[in-house]
1. If I filter region 89-108 for residues that are hydroxyl-bearing (Ser, Thr, Tyr) and more than 23 Å from Phe23 (Cα to Cα), do I get at least one hit?
2. Filter region 135-168 down to the residues that are basic (Lys, Arg) and in contact with a strand residue (DSSP E or B) (Cβ under 6 Å, 6 or more places away or on another chain) and list them by number.
3. Please specify each residue of region 206-225 satisfying the condition of being loosely packed, with under 13 Cβ neighbours inside 10 Å and of a type in the set (Gly, Ala, Ser).
4. Counting only residues that are assigned to a loop (DSSP other than H, G, I, E, B) and surrounded by 12 or more Cβ atoms within 10 Å (Cβ to Cβ), which one in region 13-26 is modelled with the highest pLDDT?
5. Among the listed residues Glu174, Glu97, Glu148, identify the single one that is in contact with a helix residue (DSSP H, G or I) (Cβ under 7 Å, 6 or more places away or on another chain), outside the structural domain of Lys28 (by TED's automatic domain parsing) and among the charged types (D, E, K, R).
6. Say whether the condition of being in contact (Cβ under 8 Å) with a residue 60 or more places away in the chain, closer than 30 Å to Lys169 by Cβ and either in a strand (DSSP E or B) or under 22 Å from the mean Cα position of the chain (by Cα) (or both) is met by at least one residue in region 59-70.
7. Against the definition (surrounded by fewer than 19 Cβ atoms within 10 Å (Cβ to Cβ), free of Cβ contacts under 8 Å to residues at least 12 places away in the same chain, of a type in the set (D, E, K, R) and out of contact with any Ser or Thr (no Cβ under 6 Å at 6 or more places or on another chain)), how does Glu139 come out, yes or no?
8. For the condition surrounded by fewer than 18 Cβ atoms within 10 Å (Cβ to Cβ) and part of a helix (DSSP H, G or I), what is the one hit in Glu85, Glu37, Glu97?
Amino acid sequence: MKYKVKIEKTVNKFINKFEINNFITNHKSYEYANIDEAKNSKLAQELFYLPFVKKVYITPSFISIERFNIIEWDVVEEEVKEKIENYLNSGLNVVDEPKKNIKNSISIYSESTPNPSVMKFVSNKILIDNNVEFNNIDEASEMKFARELFKFPFVKSVYIDRNYISITKYEISEWGEITAQLRSFIIDFLSKNELEYKKSKPQKVSKRDEISKQIISILDEYIKPAVSSDGGNIVFDSYDPKEKIVKVILQGACSGCPSSTITLKNGIENILKEMMSNKVDRVEAING
């Protein structure tokens, strides 16, 4: 696979994220404050040769770089993106990690979520570039994997994100009865097939106002990583500047979760109120 890097701005103007389309470390993250600390990462050392680089943070799927205030990101971010892509595609190790005998096969482990109706099945490989959710077999017409899952009578909905699958069940079955069956099916399918998915009707991307863009950036930076670890997702829907209401769509384990109200009020709403001054009064949820 050829590595591709995507530039992502963050709410901190000094930090840029460089997202990568495949894992680059063995599920570990590393932080370097200077070139001496980066002895086990040639890539991080090369980045520190750039005079504006203050700190480098390497994760399995992205690299965050904090810059000094001597130059703006707009001037140098394309250069950094190209440097990272070239390094990754050269075949050199990103980080010199202890070598383990890891078979090049798919492995899946199950993980409970705050939503008792949802189980998260985590893969050791990237499954899909973007997240997708199916609430019935008709919606899954473009993905064989999801269609096959809906053939299990207890599967209510399926949410897939980069390296995991969140499955919502009907109440007719308990997880203790079906988890092993689902895990076995997922391993068998992914060992033989790629997850191919093409949307029949591409969605039109509407232009966002500046406040909406700031809200999306905050959700991406502060909210999504937390809910993703629980098998869910939060998607920005709309912002009403008159009523100061933000509407978000809950997906995966977040949809219908008993604790989602607490997450909205104590988490998302408080963060947006604090970071958006007086521009947000309330957050409302739409179940995906």
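The values are calculated or read from the model by the stated rules, or taken from the named source; none is laboratory data. Please read all numbers here as calculations on a predicted model, not as lab measurements. Note that we place each Cβ from the backbone using ideal geometry, even for glycine, and neighbour counts take in every protein chain shown.
1. no
2. Result: Lys156, single match.
3. Answer for region 206-225, where residues must be loosely packed, with under 13 Cβ neighbours inside 10 Å and of a type in the set (Gly, Ala, Ser): just Ser206.
4. Phe14
5. Glu148
6. Checking region 59-70: at least one residue is in contact (Cβ under 8 Å) with a residue 60 or more places away in the chain, closer than 30 Å to Lys169 by Cβ and either in a strand (DSSP E or B) or under 22 Å from the mean Cα position of the chain (by Cα) (or both).
7. So Glu139 passes the test.
8. Selected residue: Glu85, the only one of Glu85, Glu37, Glu97 that is surrounded by fewer than 18 Cβ atoms within 10 Å (Cβ to Cβ) and part of a helix (DSSP H, G or I).
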